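Just so you know, all these numbers are worked out from the coordinates, no wet-lab data involved. What you are looking at is a predicted structure, and each value in this text was computed from that prediction instead of being measured. Positions of Cβ are backbone-derived with ideal geometry, glycine not excepted, and every protein chain shown enters the neighbour counts.
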Amino acid sequence: MTTDDIHLLQSKIEWVADALIPKDRDHAMPSASEVGIFERLLPRALKERDDMAPSFFRALARLPEDSPPNPLEAIRALGSDDFYVISFLIAGAYFLDEAVTGKLRYPGQEALYETPDYDEIMETVERVQERGSVYLDVPEPL
Amino acid sequence: MTNEGQAAVYDVVIVGAGPSGAVAAKRLAEEGMSVVCLEQGSYPDYTKLRHSGLEFELTKNQYFATNPNRRKDPSDYPIDVADSEIEPLMWNGVGGSSVIYTAAWHRLKPSDFRVRTVDGIADDWPLSYAELEPFYARVEQDFAVSGVGGDPAYPPGFDIPLPPFPMTAIDRKLSAAHDRLGWHWWPGSNSIATVKHNGLHPCVRRGACAWGCFDGAKASVDRTHWPVCIKLGVKLVQNARVLRVETGSDGLATGVTYIDRESGTTHFQPGRLVIVSANGIGTPRLLLNSASTQHPHGLGNSSGMVGKRLMMHPYGTVTGLFDDFFENWQGPYGQRAYSLEFAETRKDTNFYRGAKWQLMGMGGPLATVGSWPWGSGGNVWGENFHETVRKRFGRSAYWGIMAEDLPSEENMVVLDPNVTDAEGMPAVKVKYKSSQNTLDLLDYNVLRATESMKEAGAYEVSSTPPMRETGWHILGTVRMGNDATDSVVDRFGRSHDVANVFVMDGSVMPTSGAVNPTGTVTALALRNSEAIIANRRSQPVSQTVEARKVGY
């Protein structure tokens, strides 16, 4: 199984992804399948992390086609390494969606061009200096 | 089949193009010495970074992973960590681990050089803070250290050459909290340019320092030193796995044998003196693998101390959750601020020495459901997912607790008798266990840091036990000392046994201090390089090499 064959796994990927990231009405956040994890985001994530893709498909192959009664437990039962690969790639794909990150107010790691308020910094450190030295005074060896 | 050819004899052969090797290469070349540096990796490929888009969190640990056992680059070598509580982290390429360090920059404190005298444990260094101070000041210029001078946790004179980063919301919360607690707090000192300096661009606070700097602001020596070294005529040989330091019949080093990893050919590189700068694991590995009839237990190992006394700064975290939303994902990632309030032995505790606390970046939303810095416990998936992200993203901060590690001969690096790297050189095993002193020290500091977070307004505080993948600082395995029976190198990094072999990296540190060591190891490299320059006319050199140089 490779990324090219992902279309064969739609139902499995969607139950797995929604078990990890379900819809949350309280926080007005969509589920993984609602944001297009299968169609759009996971293929992009697997392309970015082609080093993890083989492990992802191997782990997925150990899960049933249809959602079991307790889907999260079924994924955990794969063991910590496989659970990590699946959960990392699903969540990583979910956070590639700009609507999701927009709701969280995360713009990505931006380039910021700021001038420090040097007066504020100096006022702050002067209060620390006023409390005195914070090191053991050790005499120089003879 | 060794292909010796007619390799030129250099004044100095350096093994390793990391911070210490680069500092030494530059200074020695400035004085007209011929220098060749052999590096097992190549230059970092910064075109692989995806730090400016939403792919950052997904991809940051791919090519620039800090753990060589996960990264498995061809330049890496296997490290068996089955018997180690901490996994060592490193970058094996031009720039060394400065490519992936977070660039938090410190000096040791005066008492760190006098632990035996002050505390009656461990060892004193064979040099003092005052001796190293002028070299600290010079490397701080070269490494573009930014921050605020005048920190009362140090003696007067620790001036910082470049201006600080802006204060952010969490800096204000914690500095005010420490004002109320009466505890030390100081803006982060980092080897990150805040203005254009030494070939570096001003930092734009991308917050990706630990995975290769996208913006060319962090002082990694592939950027700050190697361009200058090349202009000075230093020959840098990439993809060169050094197998052995060779010695002649007079017992002195004649050069090194290495394999060109691209062609697979073996070469001998002769030199009048050899400097090993391969980090606290790579350096003892090379010395142990250089055993010969004259040096049956490894080169320079008549004391039996090569590989022993490994120290790695055990590390825990204390994380606070806050009600208000503030920017916590931008840089500098390594330290926005620090506290040295509890960094030295106190009268009211049951342990020796102390810890540094560093206020670090939290990362983006993907980090909120990962194990760093939250620990691996807890159920963050399924119905807990969105609430976890909401509580942690933009509403959290953490103190990284870096414990001073005291030396123990039980903690060590040894050659692996069963595993080799791709070039056939023995791999290494690391044996490491935290001492009870370390565990008590961390417990105490976690309690105090919890008070700090609560005082700053955190409504919930959690902590981790010592974390496993935190071996950024690999120290102590080639101990420096005055006594040849219990140390490997002298106070200038020269082997007690082989007078033209020097070690310049963190492995020479007799004790670890509680702070990030790059400032100290590079200051030592500069100081010891100047000792080589001063003593060059009296430097013992193998007659085998001298004859070869004349013949050549």
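From other protein chains only, count the Cβ atoms within 10 Å of every residue's Cβ in B:155-164, then give the mean.
Values: counts 4, 1, 0, 0, 0, 0, 0, 0, 4, 5.
The per-residue average across the peptide is 1.
Taking the DSSP beta bridges with both ends in the protein assembly as shown, the antiparallel portion is around 70 percent. Note on chain B: Kirkwood radius taken over Cα pairs, Stokes-Einstein applied at 25 °C and 0.890 mPa s, translational D equal to 104 µm² s⁻¹.
Grab the beta carbon distance between B:Lys347 and B:Asn482, set R0 = 30 Å, and tell me the FRET efficiency rounded to 0.05. It comes out at approximately 0.50. Rounded to the nearest 10 degrees, the inclination of helix B:279-289 to the longest alpha-carbon principal axis of chain B is 30 degrees. When only the Cβ of Lys, Arg, Asp and Glu is charged (+1, +1, -1, -1), the dipole of the protein assembly as shown relative to its Cα centre reaches about 920 debye.
Projecting the Cα positions of B:Phe56, B:Tyr10, B:Val35 onto the charge dipole of segment B:1-73 (unit charges on Cβ atoms of Lys, Arg, Asp and Glu, taken about the Cα centre) puts B:Phe56 furthest along the positive direction.
Charging the Cβ of each Asp and Glu at -1 and of each Lys and Arg at +1, and nothing else, the dipole of segment B:22-122 about its Cα centre rounds to 340 debye. Simple spin-label estimate for A:Arg62 and A:Glu34 gives 3.1 nm between the two label positions (7 Å along the Cα-to-Cβ direction from each Cα). Label-to-label distance, B:Ala534 versus B:Glu410, with points set 7 angstrom from Cα along the beta-carbon direction: 4.1 nm. Dipole orientation for the protein assembly as shown: of the candidates B:Gly212, B:Ala458, A:Phe88, B:Gly212 has the Cα lying most toward the positive pole (charges on Cβ; Lys, Arg +1; Asp, Glu -1). Over segment B:215-369, what portion of Cα pair distances is larger than 25 Å, expressed as a whole percent? When all Cα pairs of segment B:215-369 are counted, 59 percent exceed 25 Å.
For the pair B:Phe326 and A:Asp5, what calculated FRET efficiency results from E = 1/(1 + (r/R0)^6), where r is the Cβ-Cβ distance and R0 = 51 Å, to the nearest 0.05?
Values: r = 44 Å, r/R0 = 0.86.
Rounded to the nearest 0.05, the efficiency is 0.70.
Under the simplified labelling scheme, the B:Asn418-B:Lys454 pair shows an inter-label distance of 4.9 nm, with each label point 7 Å from Cα along Cα→Cβ.
At a 10 angstrom cut-off on C-beta neighbours, averaged per residue, how do the peptides B:354-366, A:52-64 rank from highest to lowest?
On the way: B:354-366: 25.2, A:52-64: 16.6.
Top of the packing list down: B:354-366, A:52-64.
Rg/Rh for the protein assembly as shown (Cα atoms only, Rh after Kirkwood) is 0.98. Within the same chain, aspartates and glutamates fewer than 8 places from B:Lys231 are excluded, and of the rest, those with a Cα less than 17 Å from its Cα are B:Glu30, B:Glu31, B:Asp142, B:Asp222.
Note on B:Lys347: lysines with a C-alpha under 25 Å away, same-chain residues under 8 apart excluded, are B:Lys109, B:Lys356, B:Lys454.
Can you give the helix-only mean residue ellipticity at 222 nm for chain B, where every DSSP H stretch with n ≥ 4 adds -39500 (n - 2.57) and the sum goes over all residues, rounded to the nearest 500 deg cm²/dmol?
Details: 14 runs with 131 residues, N = 552.
Result for chain B: -7000 deg cm²/dmol, rounded to the nearest 500.
Can you compute the helix-only [θ] at 222 nm over chain A? Use -39500 (n - 2.57) per DSSP H run of at least 4 residues, normalise by all residues, nearest 500 deg cm²/dmol.
Numbers: 7 runs with 68 residues, N = 142.
Result for chain A: -14000 deg cm²/dmol, rounded to the nearest 500.
Once the C-beta distance of B:Glu31 and B:Ile121 is scaled by a Förster radius of 35 Å, the resulting FRET efficiency is 0.30 to the nearest 0.05. Extension gain, B:Ala176 to B:Glu383: 0.36 nm times the residue separation minus the Cα-Cα distance gives 70.9 nm.
Indicate the gyration tensor shape class of segment A:19-97 (rounded, prolate or oblate), computed on the Cα atoms with a ≥ b ≥ c the square roots of the eigenvalues: a/c under 1.5 is rounded; otherwise a/b larger than b/c is prolate and the rest oblate. Judged from the Cα gyration tensor, segment A:19-97 comes out oblate (a/c at least 1.5, b/c at or above a/b).
Dipole check for segment B:147-270: with +1 at the C-beta of Lys and Arg, -1 at the C-beta of Asp and Glu, and the Cα centre as origin, the magnitude is about 420 Debye.
Taking a ≥ b ≥ c as the square roots of the eigenvalues of the alpha-carbon gyration tensor, segment B:281-414 is classed prolate because a/c is 1.5 or more and a/b outweighs b/c. Under 28 Å Cα to Cα from B:Lys235, which lysines show up? Leave out anything in the same chain fewer than 8 places away. Cross-link targets: B:Lys26, B:Lys48, B:Lys72, B:Lys196, B:Lys218, B:Lys549. Look at the alpha carbon pairs under 8 Å that are at least 6 residues apart: their mean separation over the length of chain B gives a relative contact order of 23 percent.
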